[in-house]
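The values are calculated or read from the model by the stated rules, or taken from the named source; none is laboratory data. Since the structure is predicted, the reported quantities are computational estimates derived from the model, not experimental observations. Cβ placement follows ideal geometry from the backbone for every residue including glycine, while neighbour counts extend to all protein chains displayed. Areas reflect the complete protein model, heavy atoms only, side chains present, ligands, DNA and RNA absent. Shrake-Rupley method; radii C 1.70, N 1.55, O 1.52, S 1.80 Å.
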Amino acid sequence: MPFTLPTGGRLAVLVLSLTVALGAAGLTGSHASAEGPTFGPQAPQNPATAANGTATMHGDSASSGTTPLPGPGTAKIDYARTALASACPTVTVASDGYVLALCTTIFGQTPTAHLLDPDSGADLASLALPKGSLFGGVYAYLDQADRLVVVDGNNDLLRIGHHRSGAGWTLRVDESTPLGSAVPAGDNIVGLTPAWDGRVWFATSGGVIGTVDTGTGAVRSLATGEGVQNSISTVPGRTAVATDRALYLLSAGPDGTPRVDWRAAYDRGPGRKPGQLSWGTGTTPAFFGPGTGTEYVTIVDNAAPHANLLVYRVADGPAPVCRIPVLTGYARSGTEDAVIGSGRSVFVTNTYGYPYPALPEGAPASVPSSGSFEGGLARVDVNAEGTGCATVWNSPVKSAGLPRLSLADGKLYTISVTGPTGSAGLNTFAQYHHAVLDPATGAQLTSSYLGIGLVYNPLQMRGTTGPDGTLYQGTETGVVRIWRR
């Protein structure tokens, strides 16, 4: 089975069968046109991360899927790829412009941090990490000191710095904090994100949610008894975790002990859908809102035949503001991709039937046993009163990557796929394009051909834009740089 790297928005990538790793009020700097809507504000800047847009797979600790930076735009592009023989779900950009990517090798399934030159794409340094279940080898973030924060296979929370040496560049572990008995034997870290007080929140696949104070080493946790297969999100004073049965909104007590503010059960459907990697929501919770960027939190459920977008008011949960079926133009819909949330708008991609080359160990059979991948994106808006939602548009674009919304240039960026999209087709014959969409209408503005086969397959991973407008897109075998010609 050559280079069979399953993926998805939930954890953005599975390496072989072992790795599970995707409009109303404006803001100064957010995009507005004379006729179209405005999006924003950007989620609050977390003081424990690098700059919004470049700090995490989903841009910020709120997992908004937005960036304050412009992308390559609709002009002609150039592109080049850095071959790493690895799938690279998390690509971040440090304040000095250097790119730090967390990848997992195709052969050996070893989580590995890479430092890439922003000008040439050259792999300047790499650091292999202890491997375990590799859940911690998927989600990572860049802290305020430009260190890549990740949990390794030994359940140690690492901060990896990039340092210039006489021989060039090196990557090294600057700080390590053991999570110890907070992670039960046989369990593993799924997601992690920092809080505003400097503590780091984490969640395990077995449903343990906790915080760690890296200054004292103190770990506090609670057990939900429910599985977690998505990353987690934070805004000031709040943390959101989606289990395979419910969305949790949490805060921390004075000593860091997690406490549940509210729990909202959702429809998990009759089973795992084709195009999803687990039985339950495939989305990381995303905070958004037209005032502070934190008023609402959203996920997509696993209802059949069509998934529902669920939007909750953070302060009032667990009764949803809306529960609206999405992508109903298809016989069935579902998503393994994290959504984009901005202003009053949420953007959802359809991954139903997406042909993952392999599935996580222990994944149940899908219901039904197979399905065709038709793609599609939708935009849903919360009304101005905050009392309901309505679909604004649907697009037929087949997104093979997680889209990102630029608040600087007002465009949606993704990697689309055309041609054969069977399980073999996505690896060998599918054609990949840099696609730019108008978030106001859903219209595709440009589509630039990149290439064919696994070297350009983005595996439902999200690209990250650097300060100069270069888009860094993780793929099945490395990282592709896309820039304005």
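Numbers at a glance
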| item | result |
| --- | --- |
| Per-region count, the range 282-325, residues surrounded by 24 or more Cβ atoms within 10 Å (Cβ to Cβ), among the polar types (S, T, N, Q) and over 13 Å from C389 (Cβ atoms) | 3 |
| Residue tally, condition surrounded by fewer than 24 Cβ atoms within 10 Å (Cβ to Cβ) and under 20 Å from S406 (Cβ atoms), over the range 66-91 | 9 |
| Residues located in the range 426-449, provided they are out of contact with any Phe, Trp or Tyr (no Cβ under 7 Å at 6 or more places or on another chain), in a loop (DSSP other than H, G, I, E, B) and closer than 22 Å to S345 by Cα | D438, A440, A443 |
| Only listed residue being under 20 Å from P89 (Cβ atoms) and not hydroxyl-bearing (S, T, Y), chosen from A384, A378, A365, A400 | A400 |
| Single match in V228, V200 (criterion: crowded, with 21+ Cβ neighbours inside 10 Å and within 19 Å of G253 (Cα to Cα)) | V200 |
| Top-ranked residue in the range 356-385 [being assigned to a loop (DSSP other than H, G, I, E, B) and among the acidic types (D, E); ranked as least open to solvent (accessible area, probe 1.4 Å)] | E374 |
| Given (1) closer than 15 Å to T351 by Cα; (2) at pLDDT 95 or above, index of the condition S423 fails | (2) |
| Criterion (surrounded by 18 or more Cβ atoms within 10 Å (Cβ to Cβ), under 23 Å from G97 (Cβ atoms) and either aliphatic (A, V, I, L, M) or touching a helix residue (DSSP H, G or I) at 6+ places or on another chain (Cβ under 7 Å) (or both)) met by exactly one of L405, L412, L437, L459 | L405 |
| Members of the range 354-383 found to be modelled with pLDDT of 95 or more and among the aliphatic types (A, V, I, L, M), listed by number | L377, A378, V380, V382 |
| Selection from the range 143-172 of residues that are surrounded by fewer than 19 Cβ atoms within 10 Å (Cβ to Cβ), within 24 Å of the chain's Cα centre (by Cα) and among the aliphatic types (A, V, I, L, M) | A145 |
| From G59, G53, residue being buried (at least 23 other Cβ atoms within 10 Å of the Cβ), within 28 Å of T298 (Cβ to Cβ) and out of contact with any Asp or Glu (no Cβ under 9 Å at 6 or more places or on another chain) | G59 |
| The range 462-485, residues that are of a type in the set (D, E, K, R), at pLDDT 95 or above and open to solvent by less than 40 Å² (accessible area, probe 1.4 Å) | R481 |
| Positions within the range 203-219 being open to solvent by 20 Å² or more (accessible area, probe 1.4 Å) and hydroxyl-bearing (S, T, Y), in sequence order | S205, T214, T216 |
